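The numbers here are math on the coordinates, done by the rules we state, and not lab data. Model, not experiment: these values are computed from the prediction. Positions of Cβ are generated from backbone atoms using ideal geometry, with glycine treated the same way; all protein chains shown enter the neighbour counts.
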Amino acid sequence: MRKRHSVEQIIKVLGEVENGQSVVEVARRYNITEQTYYRWKQKYAGLSISEAKRLKALEEENAKLKKKVADLILEVDVLKEINSKNF
């Protein structure tokens, strides 16, 4: 899944609303829904660009680790199943 907006763009959008522009105006200009704006605000409000990038990197690393754990659990279950049939 490809994201349409970079972290820098998201922070810029949030900043424009903080500087007095309306959510509707900014959402229309960037072709996003108001719901998307509020989701971004909940996630990125108060973060600098570098902090937001770090958050994104941590989320990606967390997703990879969760996948590895799920794979290992599946592998352990398969090995347990095989081992129980041998005895």
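General remarks:
- FRET efficiency, Leu55 to Ser22 (Cβ-Cβ, R0 35 Å, nearest 0.05): 0.85
- Given Lys43/Lys66; Lys12/Lys66; Lys12/Lys43; Lys43/Lys64; Lys12/Lys53, the pairs whose alpha carbons are separated by over 24 Å: Lys12/Lys66
- P(r), alpha carbons of the chain - 5 Å bins starting at zero, rounded %: 3, 12, 17, 16, 11, 8, 7, 6, 5, 5, 4, 3, 1, 1, 0
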